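Enquirer: Structure below; questions to follow.
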Amino acid sequence: MTDDPLYRPTADSQTGTATTEHAAARGEGGEWHQHPGSDKERMTTAQGAPVRDNQNTLRAGARGPALLEDVHFREKMFHFDHERIPERVVHARGYGAHGYLEVTEAIPELTSASLFQKAGTRVPAFVRFSTVAGNKGSADLARDVRGFAVKLYTDEGNWDIVGNNIPVFFIQDAMKFPDLIHAAKSAPDRGFPQAQTAHDNFWDFISLMPEAMHMVMWTMSDRAIPRSFRFMEGFGVHTFRFVNAEGESHYVKFHWKPKLGLQSVTWDEAMKIMGADPDFHRRDLWTAIQSGDFPEWELGVQVFDDDFADSFDFDVLDATKLIPEEEVPVRIIGRLVLDRMVDNFFAEIEQVAFCTQNIVPGIDFTNDPLLQGRNFSYLDTQLKRLGGPNFTHLPINAPKCPFHHFQQDGHMAMHAPKGRANYEPNSWSQGGPRTDPDTGFRSYPERVEGEKRRLRPESFADHYSQARQFYRSQTGIEQKHIADALIFELSKVETPAIRERLVSHLPHIDEGLAKAVAEGLGLAQLPDTAEAARAPVDLKASDRLSILKNGPDAFKGRKLGLLVTDGADAALVRALQEAVDKAGGMVEVVAPHIFGVTLSDDEELPAQQKVEGGPSVLYDAVAIVVSKDGAEALAQMPAARSFVADAHVHAKFIAYSPDAETLLDRAGVGEPDAGMVRLDKAKDASGFVKICGALRFWDRVA
Ligand code: HDD
């Protein structure tokens, strides 16, 4: 055997007349030997029998029929046939990573949760990000809510915060969830459209559900097309309870704030990214973690008491409402760092089972009717998805603290409890675990009374005021994006009455928005305004609701697309690479050939993308460093012209070497503006990267 990393099939291995000699290790004692990348183990069947030939079925004669007794073939095929489990009914497409939560501020006065007792405590974490509506194989950039589910393996059990990147939800009561999801996903008769809400069923349902209007503002905003998981906020959405050692309770809302600031793409970019790289978000997370640039979020809490809850304009149990940060500031108490990719997508990302019911002593639920319903749904769905009640035995779901109980047996039980006692109470001296009245989980003894009825409280009735507040808290360009998104989505709705019904809600949010959407849809006049259960009121705008008011001012964690040709100015290329590196960003070289280019100093520069496969939508900013001949050649290539034209239309910062002007010209880019920087000298590169910190030159498209 050689150390050659590539396996080269030999003539023997293809005909099955001989086997490769494997030097090493017979499996010892029934263990599954995992040597990542190693070819030193002998291949066996699942029963451990050594395999001689993995290429050919057992046949009667060289050209004869296959034999039923070919147990190796049958076992292999049987397992393959059962490789898939049902995908999640929502949030099917996701990606995740391992990391930890470090508590930066202890809060024992608020909660007895063990992890929050001492600053500096670290607990392992696993996070899964997802889109909601699309199937497992859909594209990352769909306009959709992003799931942000966090599993914290504390020393008093697993605590799951199963949140989203949007702090509110479409509906107030879990009873409506199946309807919401049915309406959002593909229509049942035709099986499309996939991963989008731009269709009749969704807007039919939504236009009949005024409580969804606040969430609709968020999903039509750029929040629903994040640039990457690393640049989005996360929210626990519901109001939860903290309970301290004295049994006192405070209400709490959980926030995850990305260290790199907020950033989204534009809708035109999103549509193009879905074609160019459907895995854009998962690739981004993978690349960042593999390159040691670990994504980080602050854990923040909004804590408030009954007095605040009673005086607040809305019901804190209503998941379609948020509490503006200006009213209850977010207190930062920890940091979440993702520093390790999974070893195996299926074992970890697919099999991880989040349940809102997974809480630990010191945390408790409130009576939010959405949360109460979720507490049933998640456990139930894992049973279906993972095939039995023992999904907690899977390593990704098992607690990392000691656990002892009398639950037993069932499909795929992987624990073998010893001893005679499997019930409690028992009087055996080796009788197994005992409950602890002092430290065991205690529900907050909230006083409840009332008639058993199905009704929505009056305090949930204002459906528009916070939608208006959200819209009016946005910058002009963000408001335009909301209007454009509504026009796009409703233009895909085939039934005029549904379009109009949706527009009839908009005057409650903003007259200008209603008019812009009506005009964009070509409606001759605004439809009659929908009846409101409660007339909306003007609330104070909240800057924290805008992405652009909370963007970063540095290029850290971002990517420059560097379009080069043979003969490109070597000093300039290096200066750009250094400046981006210094800013904590990444450069991807895009060239006419994947081999790369030869720079002006005769050094070779390898490429990561051929120009057709590396459109500028994949980058946060672009630089075009080309020779005169190179510019001429690129100007003949449609992909190179689109690279430039798209970067321009998407308001990106563009740097270019003087010889690139021919290409800019041929791409239809007019007079240079302040977002376009001509790099005459290598030392201009750092100035360019500095202005890229603003991420977009919005003036170009405003
Ligand atoms: Fe849900 C999955 C987030 C309302 C029922 N939900 C799921 C995931 C996230 C959320 C992030 C994916 C978890 C993972 O990565 O495995 N869901 C939310 C948020 C909600 C919400 C933030 C509102 C505040 N969900 C909600 C309701 C119900 C469900 C009201 C039902 C009553 N959700 C489910 C589910 C899923 C799920 C069917 C599908 C797969 C799974 O649970 O594990 O049980």
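Enquirer: What number of residues in segment 158-194 are surrounded by fewer than 16 Cβ atoms within 10 Å (Cβ to Cβ) and more than 21 Å from the chain's Cα centre (by Cα)?
Expert: Going through segment 158-194 one residue at a time, the tally reaches 10.
Enquirer: Filter segment 342-380 for residues that are part of a helix (DSSP H, G or I), free of Cβ contacts under 8 Å to residues at least 60 places away in the same chain and aliphatic (A, V, I, L, M) and give the result.
Expert: Within segment 342-380, Ala347, Leu379 qualify.
Enquirer: Would you be able to say whether some residue in segment 53-63 is outside the structural domain of Gln351 (by TED's automatic domain parsing), part of a loop (DSSP other than H, G, I, E, B), modelled with pLDDT of 95 or more and under 30 Å from Leu386 (Cβ atoms)?
Expert: Scanning segment 53-63, I find at least one residue that is outside the structural domain of Gln351 (by TED's automatic domain parsing), part of a loop (DSSP other than H, G, I, E, B), modelled with pLDDT of 95 or more and under 30 Å from Leu386 (Cβ atoms), so the answer is yes.
Enquirer: Which pairs turn up if I take residues in segment 167-196 that are on the phi > 0 side of the Ramachandran plot and modelled with pLDDT of 95 or more and look for partners that are among the acidic types (Asp, Glu) and more than 8 Å from the ligand (Cβ to nearest atom) with beta carbon separation below 8 Å, at least 6 apart in sequence or on another chain?
Expert: Correct list of pairs: Ala195/Asp144.
Enquirer: Can you tell me how many residues in segment 195-220 are part of a loop (DSSP other than H, G, I, E, B) and within 20 Å of the chain's Cα centre (by Cα)? Steps first, answer last, please.
Expert: Of all residues in segment 195-220, those part of a loop (DSSP other than H, G, I, E, B) come to 195-199, 208-209.
Okay, now just the ones that are also within 20 Å of the chain's Cα centre (by Cα), so 195-197.
Number of matching residues: 3.
Enquirer: Moving on. Here are the criteria: (1) within 22 Å of Pro399 (Cβ to Cβ); (2) within 16 Å of the ligand (Cβ to nearest atom). Tell me which single one Ile323 does not satisfy.
Expert: If we test Ile323 against (1) within 22 Å of Pro399 (Cβ to Cβ); (2) within 16 Å of the ligand (Cβ to nearest atom), just (1) comes out false.
Enquirer: Looking at Glu531, Glu494, can you tell me which residue is exposed (fewer than 13 other Cβ atoms within 10 Å of the Cβ) and in contact with a helix residue (DSSP H, G or I) (Cβ under 7 Å, 6 or more places away or on another chain)? Give the steps one after another, and end with the answer.
Expert: Details: Glu531 fails: in contact with a helix residue (DSSP H, G or I) (Cβ under 7 Å, 6 or more places away or on another chain).
Going through Glu531, Glu494 in turn, just one is exposed (fewer than 13 other Cβ atoms within 10 Å of the Cβ) and in contact with a helix residue (DSSP H, G or I) (Cβ under 7 Å, 6 or more places away or on another chain): Glu494.
Enquirer: Hey, does segment 466-482 have a residue that's of a type in the set (Asp, Glu) and loosely packed, with under 12 Cβ neighbours inside 10 Å? Show your work before the answer.
Expert: Keep residues of segment 466-482 that are of a type in the set (Asp, Glu), which gives 478.
Restricting the remaining residues to those that are loosely packed, with under 12 Cβ neighbours inside 10 Å gives none.
No, there is no match, as no residue in segment 466-482 is of a type in the set (Asp, Glu) and loosely packed, with under 12 Cβ neighbours inside 10 Å.
Enquirer: If you don't mind, there's one more thing I want to ask. Within segment 373-402, which residues are near the ligand (Cβ under 9 Å from one of its atoms), touching a strand residue (DSSP E or B) at 6+ places or on another chain (Cβ under 9 Å) and among the basic types (Lys, Arg)?
Expert: Answer for segment 373-402, where residues must be near the ligand (Cβ under 9 Å from one of its atoms), touching a strand residue (DSSP E or B) at 6+ places or on another chain (Cβ under 9 Å) and among the basic types (Lys, Arg): just Arg374.
Enquirer: Name the residues in segment 511-523 that are surrounded by 21 or more Cβ atoms within 10 Å (Cβ to Cβ) and in contact (Cβ under 8 Å) with a residue 24 or more places away in the chain, would you?
Expert: Selection gives Leu513, Val517.
Enquirer: Tell me, please, whether a residue that is exposed (fewer than 10 other Cβ atoms within 10 Å of the Cβ), over 24 Å from Ala533 (Cα atoms), charged (D, E, K, R) and free of Cβ contacts under 8 Å to residues at least 40 places away in the same chain can be found in segment 444-456.
Expert: yes
Enquirer: From the set of residues in segment 670-699 that are more than 12 Å from Ile654 (Cα to Cα) and basic (Lys, Arg), which is surrounded by the fewest Cβ atoms within 10 Å (Cβ to Cβ)?
Expert: Taking the candidates together, the pick is Lys681.
Enquirer: Further question: Only one of Glu298, Glu246, Glu269 is at negative phi and buried (at least 22 other Cβ atoms within 10 Å of the Cβ). Can you tell me which? Full working, then the answer.
Expert: On the way: Glu298 fails: buried (at least 22 other Cβ atoms within 10 Å of the Cβ); Glu246 fails: buried (at least 22 other Cβ atoms within 10 Å of the Cβ).
On inspection, the qualifying residue turns out to be Glu269.
Enquirer: Give segment 337-372 a look and list any residue that's of a type in the set (Val, Ile, Thr) and more than 9 Å from the ligand (Cβ to nearest atom), or say none. Spell out the reasoning first.
Expert: Filtering segment 337-372 for residues of a type in the set (Val, Ile, Thr) gives 337, 342, 349, 352, 356, 359-360, 363, 366.
Correct list: Val337, Val342, Ile359, Val360, Ile363, Thr366.
Enquirer: Please give the number of the condition Ala647 fails out of (1) under 22 Å from Lys683 (Cβ atoms); (2) touching a residue at least 24 places away in the same chain (Cβ under 8 Å).
Expert: (1)
Enquirer: Give Val252, Val237 a once-over and let me know the one that is assigned to a loop (DSSP other than H, G, I, E, B) and more than 28 Å from Ala645 (Cβ to Cβ).
Expert: Exactly one of Val252, Val237 is assigned to a loop (DSSP other than H, G, I, E, B) and more than 28 Å from Ala645 (Cβ to Cβ), namely Val237.
Yes or no, residue by residue, for (1) in contact with a His (Cβ under 8 Å, 6 or more places away or on another chain); (2) modelled with pLDDT under 95; (3) surrounded by fewer than 24 Cβ atoms within 10 Å (Cβ to Cβ):
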residue	(1), (2), (3)
Ala119	no, no, yes
Arg122	no, no, yes
Phe126	yes, no, no
Phe129	yes, no, no
Gly137	no, no, yes
Leu141	yes, no, no
Arg146	no, no, no
Tyr153	no, no, yes
Glu156	no, no, yes
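Enquirer: Taking the criterion of being in a strand (DSSP E or B) and either closer than 30 Å to Pro324 by Cα or in the same structural domain as Lys683 (by TED's automatic domain parsing) (or both), would at least one residue in segment 625-642 satisfy it?
Expert: Yes; the residues of segment 625-642 include at least one that is in a strand (DSSP E or B) and either closer than 30 Å to Pro324 by Cα or in the same structural domain as Lys683 (by TED's automatic domain parsing) (or both).
The values are calculated or read from the model by the stated rules, or taken from the named source; none is laboratory data. Quick caveat, the model's predicted, so the values are computed rather than measured. All Cβ positions, glycine included, derive from the backbone under ideal geometry; neighbour counts span all protein chains shown.
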